[in-house]
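What follows is a single structure, written as structure tokens, with notes after it.
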Amino acid sequence: MIDIFLGAKQYIQREGLLGEAGNYLKPFGRRPMVLGDELVFSIIRPVLEDRLKSAGLSSSFVLFGEECSLSEIARLVDIVKKEGLDFIVGTGGGKAIDTSRIVAEQLKLPLLTIPTSAATCSAASAAAVVYEKGIRQATVSGKGAELALVDSTILSQAPLRLLASGMGDALAKWYEGKPCYDRMKEPDSATQGALSLSVQTRESILSLGLKAKEDVEARRNSYAVEKIVEANILLTAIIGGLGGAKFRVAVAHALCYGLTVLPRVHQNLHGEMVSFGIIVQLCLEKNEKELQVLLPFFSQLGLPITLKALGLTNVEDPLFWEGLKRTCVKGSSVHNLPFPVDEQKLYHAMLEADERARSIRE
């Protein structure tokens, strides 16, 4: 059985693309809801609002309410209905775009995405993560965008932290997907394609990631930045679509979502938690070769891969152990590894990952 979901129907990435947004959005309707937070609107609204107006569009810019929750989705659905809006534009980062995706799916309206960072693949994906008070509830299939407009000028000016986080999340596609793939007796062609793309993504990030970091720190776009943006958003979304549930995740994402019960964790980006989770998974696998590759790479990117950096120092906190319990619950993707993983094994792997990361930094 093939179980895949596909993302954006069209993906365009180039410098200065936001200035052309009116021409691209005009075919989809006349009254878009543009969803984003205050910071994102401060970056894109001065350009976007003018371009949409020039294209004859009457736009409603709506502030995002912080998380992709059922109440936020319901609030936005109500706004769209009351104002008679006819398509959805999700802007900014993963949670706002995920929310836009579910709203568009519920109302059967066109969805367009304009990411302002390459921290996740949300702009080109068809999956969305639903939260409640910061705690992950489910990953659902939403609506793939009709069009993803990726202005690489904006993304190259975004904080390095966002690009680095996206690299960690993108690398997880291979590190989590490969052990899943190795357990398949007869992988279908879509999953084989996901594996091939995950290899390509890994190679691109490891070869160009540090150059992209240097360029973003200098606030300049470059070939390296363009390639990393492409890997973080487009390739990662395609891998997730082709691989489906069979290839998608293992320990890194299971740990990331399990630990959402800890309030301090919400100060970390998704890809930062996933990056630490990859190191934990490699410790469980006793994969010394890949540890020697990733630990210095993550350290040079400045990713927070120690327990202290992630705010996970209080291992006596009952919520910490509740997070591990959630990570190891029956049916969790942590069990996609070819050996049993329980809370104690996971805990000791986290301590080992922390010790190894601290030795690299010292």
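Would you calculate the volume per residue, in Å³, of the smallest convex hull containing every Cα atom of the range 205-282?
Values: hull volume 8.9 nm³, N = 78.
In the range 205-282, the Cα convex hull volume per residue is 114 Å³.
Got a sec? How would Ser196, Ser165, Ser156 order by Cβ neighbour count within 10 Å, fewest to most?
Numbers: Ser196 12, Ser165 28, Ser156 23.
Neighbour counts put them in this order, fewest first: Ser196, Ser156, Ser165.
If Rh is defined by the Kirkwood formula over all Cα pairs and Rg also comes from Cα, what ratio Rg/Rh do you get for the range 91-143?
Numbers: Rg = 10.5 Å, Rh = 11.1 Å.
When Rh is taken as the Kirkwood radius, the ratio is 0.95.
Kindly put Phe320, Phe276 in sequence by how many other C-beta atoms sit within 10 Å of each C-beta, fewest to most. Could the numbers behind the result be given before it?
Numbers: Phe320 21, Phe276 29.
Result, fewest neighbours first: Phe320, Phe276.
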(message) Can you compute the helix-only [θ] at 222 nm over the chain? Use -39500 (n - 2.57) per DSSP H run of at least 4 residues, normalise by all residues, nearest 500 deg cm²/dmol.
(response) -17000 deg cm²/dmol
(request) Determine by what factor the alpha-carbon radius of gyration of the range 169-248 differs from 2.2 N^0.38 Å, reporting the quotient. (result) 1.18
(request) Evaluate the relative contact order of the range 249-362 (contact order divided by residue number), counting alpha-carbon pairs under 8 angstrom at least 6 apart; express in whole percent. (result) 40
(message) In 10 Å bins starting at zero, report the fraction of Cα pairs in the range 11-156 per bin as a rounded %.
(response) 13, 48, 34, 6, 0
(request) Please work out the C-alpha center-to-center distance from the range 12-74 to the range 307-358 and express it in whole Å. (result) 39
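Work out, step by step, the length gained on full extension between Asp317 and Lys9: first 0.36 nm times the residue separation, then minus their alpha carbon distance; give nm to one decimal.
Numbers: separation 308, 0.36 × 308 = 110.88 nm, distance 4.52 nm.
Extending this stretch completely gives an extra 106.4 nm.
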(message) Could you work out the relative contact order of the chain? I mean the mean sequence separation of Cα pairs under 8 Å and 6+ apart, divided by the number of residues, in percent.
(response) 17
(message) Bin width 10 Å, origin at 0, all Cα-Cα pairs of the range 211-362: what percent of pairs per bin?
(response) 10, 37, 36, 14, 2
(request) Return the sequence-ordered ³J(HN,Hα) values of the range 321-333 in whole Hz as given by the Karplus equation 6.51 cos²θ - 1.76 cosθ + 1.60 applied to θ = phi - 60°, using x for Gly and Pro. (result) 6, 5, x, 5, 4, 5, 5, 9, 4, 4, x, 5, 5
(request) Report, ordered by chain and residue number, the aspartates and glutamates lying within cross-link reach of Lys26, taken as a straight Cα distance under 17 Å and ignoring same-chain residues fewer than 8 apart. (result) Glu49, Asp50, Asp86, Glu146
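Roughly how big is the chain's charge dipole about its Cα centre, with Cβ charges of +1 (Lys, Arg) and -1 (Asp, Glu), in debye to the nearest 20?
480
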(request) Let me know the charge dipole size of the range 11-156 about its Cα centre in debye, to the nearest 20, where only the beta-carbon of Lys, Arg (+1) and Asp, Glu (-1) is charged. (result) 340
(request) Please find, in a Gaussian network model of the chain (springs between Cα atoms separated by less than 10 Å), the residue of Leu337, Leu155, Leu255 whose mean-square fluctuation is greatest. (result) Leu337
(request) Read phi for every residue in the range 158-163 and hand back ³J(HN,Hα) as whole Hz from Karplus 6.51 cos²θ - 1.76 cosθ + 1.60, θ = phi - 60°, with x for Gly and Pro. (result) 6, x, 3, 3, 5, 5
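So what are the range 8-72's ellipsoid semi-axes, whole angstrom, largest first, if each one is the square root of 5 times an eigenvalue of the alpha-carbon gyration tensor? Let's see the in-between values first.
Numbers: eigenvalues 87, 40, 38 Å².
Equivalent ellipsoid semi-axes, largest first: 21, 14, 14 Å.
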(request) State the dimensionless ratio Rg/Rh of the range 40-116 (Rg: radius of gyration of Cα atoms; Rh: Kirkwood radius). (result) 0.94
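Expressed in whole Å with the largest first, what are the equivalent ellipsoid semi-axes of the range 129-190 derived from the C-alpha gyration tensor as the square root of 5 times each eigenvalue?
Values: eigenvalues 147, 70, 51 Å².
Here the semi-axes work out to 27, 19, 16 Å.
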(request) Sort Tyr181, Tyr131, Tyr257, Tyr347 so that the residue with the fewest other Cβ atoms within 10 Å of its own Cβ comes first and the one with the most comes last. (result) Tyr347, Tyr181, Tyr131, Tyr257
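No lab work stands behind these numbers, since they all come straight from the coordinates. Bear in mind the structure is a predicted one, so any value in this text is a computation, not a measurement. Here the Cβ is made from the backbone with ideal geometry for all residues, glycine too, and neighbour counts use every protein chain on show.
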